[in-house]
Amino acid sequence: MTHYRPQSFEVKGGPQWGRDHLPLLRAKLAEAGLDGFLIPHEDEYNNEYLPDCAERLAWATGFTGSAGAAVVLTDRAAVFVDGRYTVQGREQVDQSLFSLEDLTGAGVSGWLAKNAVAGSRIGYDARLHSPDALDRLKQGAKKAGAELVPVEINPIDAAWEDRPAPPAAMLQPHPSQFTGEDHAAKRTRIGEAVAEDGADAAAITAPASIAWLFNLRGGDVMRSPLPLGAAIIRKDGTATLFVNPEKVTDEVRSHLGNEVALRRESEFEAGLNELSGSKVSVDPSSASAWVFDTLHAADAEIVRRRDPVALPKAMKNEVELKGAAAAHVRDGGALVRFLHWLDTVAQSGEVDEITAAQKLAAFRGEIAELRDISFDTISGFGANGALPHYRVSEASNLMLSPGSLYLVDSGGQYPDGTTDVTRTVPIGEPTAEMRERFTLVLKGHIQLALARFPDGTNGGQLDVLARLPLYMAGLDYGHGTGHGVGSFLGVHEGPQRIAKAGSDEPLKPGMICSNEPGYYKEGEYGIRIENLIYVTEPAKIEGGEIEMMGFENLTWAPIHKALIDVSMLTPQECAWLDDYHAGVREHILPLVDGTPVGEWLIRACDPVCGATP
C-alpha cells in the first residue's frame with residue numbers, strides 16, 4: 001500500500017471563520033495605522049494549492065476556494081470569486097460582513113475605485129502580489145484618492161494565533177530516467193535563454209520551475225511534489241538555490257554538484273542585493289512585487305521577461321511523454337476498478353460521496369508507484385456535482401441515491417507522470433435531459449480531441465470547438481476547457497491554456513493539456529468529461545498543403561454509454577467513440593483480464609456504432 005496524507009473531509013472554512021477573525025484583523029490594522037488590507041489567495045510562491053500556514057484568505061473570510069481575493073476596510077469588506085466558486089462563496093461567506101463580488105472583469109481594482117475612501121491608507125504584503133496585479137490595484141485605489149502602502153509584517157500573520165508552522169519536507173533528487181535530461185543540461189540551456197533575453201541572471205521563484213530546473217521534488221505543497229524556495233541562475237548556467245538546510249540531504253548535495261551553491265532561503269534577499277549593477281530577468285506574472293522592489297533598491301537593472309523555465313517545462317520530451325503514457329495506463333487500471341464498483345455496488349443507494357472518494361483512493365493506493373493523489377478528489381452527487389470545484393465534507397456529504405448523476409474528478413502523482421481525469425456516472429436510470437446534455441458535452445470533447453491546427457495556434461482559438469454543441473442548444477459552462485499539466489509536478493501548469501480568455505501562448509508539441517467540457521444545472525446535477533491529451537508534432541494531411549499539429553490521448557477510462565444518445569452523434573463522432581473505447585480495452589484489459597472487472601470492461605467498451613473489435 002502507498003502511504004500519503006489522506007484526503008480530509010472535515011468541514012473547513014465557512015461563515016464563522018469570518019465572524020471570528022474579521023474583528024481580530026481589523027484590530028491589527030488599527031494598531032498599524034491602516035484603513036484597510038488587501039488579501040490575495042496566493043502565497044509568497046504564487047502557489048495555487050497552499051500550505052496550511054498560507055491559507056490567509058480562508059482564515060480571514062471563511063472562503064476556501066483555490067482562487068479568490070478579499071479587501072477589508074474599516075467599515076466594509078468584500079470577497080471576490082470567479083464563476084467556479086459563486087455557489088461556494090455564497091455558502092462559506094457571511095454576507096452581512098462581506099459583499100460577494102466577481103473576481104473577473106473590473107474585479108478588485110474596480111471595487112477599490114468605487115469603495116475606497118479618499119485619503120485612506122490600505123496595506124498590502126508585497127510578497128503576495130505580482131507587480132502587474134499590484135499596479136492594477138494601485139490604479140483602482142488612486143481613482144478613489146486612496147493610497148496602497150506595503151507592510152513589513154502581514155497583519156493576518158500577526159492576528160493568527162494558532163497559525164501552522166511552515167512546511168519543511170525533505171528534498172528528493174528526481175532521476176533522469178523520468179526527466180529525460182540531467183539538470184546540468186537544463187541549466188546550460190536556461191542560462192543561454194537568460195543571455196538571449198539580454199540578462200546576466202534570472203531570479204526564479206515558482207516552485208515548479210525550481211523543481212524542474214534542478215530535477216528535485218519535495219513535499220511542501222499539498223498534492224504537488226513541490227519544494228518551496230528560490231533560485232538565481234546565471235547566464236553561464238551556474239546557480240544558487242535558496243532552501244532551508246533541514247530539507248537538504250547529502251544525496252541532494254551530491255546530486256546538485258559544484259555548479260549549484262546552496263544557501264538558506266532567508267538569504268534570498270541578500271542574494272538579490274548581490275546582483276547590484278547586473279541585468280536581472282524576472283517574471284512579472286509569477287515573481288512577487290517584493291522581488292522587484294528588492295532588486296530596484298539594489299540598483300539592479302530589471303529585465304521583465306517570462307520565467308525562462310516555463311516554456312521548456314511545458315514542452316515535455318520523449319521520456320516524459322512515455323512516462324505520462326505509462327502513468328495513465330497504471331492509473332486507468334485503478335479508475336476502471338472504481339467505475340466497475342460504481343456500476344455495481346454503488347447502485348444500491350447505500351453509498352455516500354465520502355465513501356466513494358475513499359474507495360477510489362483505496363484502488364489507487366494499491367499501485368506501488370503512487371506517491372500521492374494529484375488533488376483532493378471531487379466526489380459530487382446530484383446538486384453537489386453541479387459545483388465544478390466541489391469538495392465533499394462531512395457537512396455536505398450526500399448519498400448516491402438512484403435518479404441522478406455522480407461526477408468524480410481525480411488524479412494521481414507518479415514519478416513518471418501526473419494524472420487528472422473526470423467521469424460522470426448515472427446512479428439509477430438517467431433522464432432524457434441528462435442524456436441529451438451529456439451527449440452535447442461528449443460531442444464538444446470529441447471535437448476538441450479531433451482538432452488539427454497549424455503552428456502558432458493558441459488554446460483560446462480552439463476553445464469554441466468544445467463549446468459549440470452546447471452553444472447551439474443555448475448552454476455553456478463557466479470554466480476553462482483545458483489547463484496544462486506537469487510531469488510529476490502540479491496538476492495545473494502553464495503557460496498554455498484552452499479557454500475563452502485563453503493564453504496567447506501558442507500550443508507546442510509535447511504540451512500536455514486537459515480536455516474537460518462540462519454542463520452544470522444548478523441545484524440538480526453536473527456533467528464533465530475530462531481526458532488528458534498532448535500536442536503532437538506537425539504532420540502532413542493527405543491532400544493538404546500545410547503541416548498540422550493535433551492531440552494524442554493519454555487517459556484511458558470508459559465513457560458511460562447509458563448517458564449517450566447515439567442518435568445525436570455524427571458518423572465521425574461515433575467512429576472516435578468506438579476507437580477510443582477500443583483503446584481503453586487494449587490498454588486496460590490486461591490489468592483486469594479474467595476478473596469480473598474485466599468482464600464489465602469488455603461490455604463497457606463494446607462499440608456503440610460499429611462492429612465489435
- request: Quick one: go through segment 492-519 and flag any residue whose amide nitrogen is under 13 Å from the point 7 Å out along the Cα-to-Cβ line of residue 432.
  value: none
message: Modelling each spin label as a point 7 Å along the Cα-to-Cβ direction, I'd like the residue 322/residue 11 distance in nm, to one decimal.
response: 5.2
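What FRET efficiency comes out for residue 522 versus residue 450 if R0 is 41 angstrom and r is the Cβ-Cβ distance? Round to the nearest 0.05. Could you put the intermediate results ahead of the total?
On the way: r = 30 Å, r/R0 = 0.74.
It comes out at approximately 0.85.
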- prompt: Residues with beta-carbon under 15 Å from that of residue 152, excluding residue 152: net charge, scoring Lys, Arg +1 and Asp, Glu -1?
  reply: -3
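Could you please state how large a percent of the accessible area of the chain is carbon and sulfur, counting protein chains only and using a 1.4 Å probe? Numbers along the way, then the final one.
On the way: 12070 of 24250 Å².
Carbon and sulfur together cover 50 percent of it.
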- request: Past 28 Å, Cα to Cα, is the threshold; run 359/500; 114/279; 186/322; 12/142; 521/561; 443/500 against it and keep the listed order.
  value: 359/500; 114/279; 12/142
- line: Along principal axes, largest first, the alpha-carbon spread of segment 1-111 in whole Å comes out as 53, 32, 27
Separation between Cα centres of segment 259-312 and segment 130-200, rounded to whole Å: 10
field: Loop-resident sites, segment 176-232, for trypsin sites (Lys or Arg not before Pro), counting at most 15 other Cβ within 10 Å (DSSP)
entry: none
- request: Just report the Cα centroid separation between segment 68-125 and segment 534-592, whole Å.
  value: 44
Long-range amide H partners of residue 458 with built H, under 5 Å: 507
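At 1.4 Å probe size, put 609, 513 in order of accessible surface, largest to smallest. Show your work: numbers first, answer last.
Numbers: 609 60, 513 0 Å².
Ranked from most to least accessible, the order is 609, 513.
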field: Heavy-atom accessible area per residue - segment 375-533, 1.4 Å, Å²
entry: 28
query: For segment 410-449, what is the convex hull volume of its Cα atoms per residue in Å³?
result: 75
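I'd like to compare 194-206, 22-34: which one has the highest average count of other Cβ atoms within 10 Å, and what's the full order after that? Don't jump to the answer; show the numbers that get you there.
Values: 194-206: 21.8, 22-34: 16.7.
The peptides rank, most packed first, as 194-206, 22-34.
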- line: Rounded to the nearest whole number, the Stokes-Einstein translational diffusion coefficient of segment 535-613 at 25 °C and 0.890 mPa s (Kirkwood radius, C-alpha pairs) in µm²/s is 171
- line: Descending packing, highest mean Cβ count within 10 Å first, for 452-463, 156-167 is 452-463, 156-167
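Can you give me the convex hull volume of the Cα atoms of segment 189-275, divided per residue and expressed in Å³?
Taking the convex hull of the Cα positions in segment 189-275, it is 92 Å³ per residue.
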Free-standing Cys, the chain [no other Cys Cβ under 4.7 Å]: 53, 513, 605
query: Roughly how tilted is helix 15-31, in degrees to the nearest 10 and between 0 and 90, from the longest Cα axis of the chain?
result: 20
- request: Please determine, in degrees from 0 to 90 and to the nearest 10, the orientation of helix 183-196 with respect to the longest principal axis defined by the Cα atoms of the chain, where the helix direction is its Cα long axis.
  value: 60
message: Quick check on the chain: helices-only [θ] at 222 nm, where DSSP H runs of length 4 and up contribute -39,500 (n - 2.57) each and the sum goes over total residues. Nearest 500, please.
response: -10500 deg cm²/dmol
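For segment 79-164, divide the Cα radius of gyration by the Kirkwood radius and give the resulting Rg/Rh value with two decimals.
On the way: Rg = 14.2 Å, Rh = 14.4 Å.
Ratio value, two decimals: 0.99.
Which order, highest average first, do 241-252, 417-428 follow once you tally other Cβ atoms within 10 Å for each residue and take the mean per peptide? Spell out each step's value before the answer.
On the way: 241-252: 16.5, 417-428: 23.8.
Highest mean packing first, the order is 417-428, 241-252.
For segment 450-568, compute Rg over Rh where Rg is the Cα radius of gyration and Rh is the Kirkwood radius from the inverse mean 1/r over Cα pairs.
Values: Rg = 15.3 Å, Rh = 15.5 Å.
Rounded to two decimals, Rg over Rh is 0.99.
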message: Can you give the FRET efficiency to the nearest 0.05 for residue 270 and residue 236, using r as the Cβ-Cβ distance and R₀ = 22 Å?
response: 0.60
message: Place a point 7 Å from the Cα of residue 90 along the Cα-to-Cβ direction; which residues of segment 514-554 have their backbone N under 19 Å from it?
response: 519-527
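How far, in nm, would the chain grow between residue 157 and residue 572 when pulled straight, counting 0.36 nm per residue and subtracting the alpha carbon separation?
Numbers: separation 415, 0.36 × 415 = 149.40 nm, distance 5.67 nm.
Roughly 143.7 nm would be gained on extension.
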field: Helix axis angle, 571-592 relative to the chain longest principal axis, alpha carbon, degrees
entry: 80
query: How big is the chain on each of its three principal axes, counting only the C-alpha atoms and giving the largest first in Å?
result: 71, 56, 50
message: If I take the Cα coordinates of segment 492-558 and project them onto the principal axes, what are the three extents in Å, biggest first?
response: 49, 29, 20
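So what is the diffusion coefficient of segment 212-259 in µm² per second by Stokes-Einstein at 4 °C and 1.567 mPa s, using a Kirkwood Rh over Cα pairs? Each step should come with its number before you reach the end.
Numbers: Rh = 11.7 Å.
D, rounded to a whole number, is 111 µm²/s.
The values are calculated or read from the model by the stated rules, or taken from the named source; none is laboratory data. Small disclaimer: the values here were computed from a predicted structure and weren't measured. For neighbour counting, all protein chains shown are included, and Cβ atoms are generated from backbone atoms with ideal geometry for every residue, glycine included. What goes into the accessible areas is simple: the full protein's heavy atoms, side chains included, and nothing from ligands, DNA or RNA. Shrake-Rupley method; radii C 1.70, N 1.55, O 1.52, S 1.80 Å.
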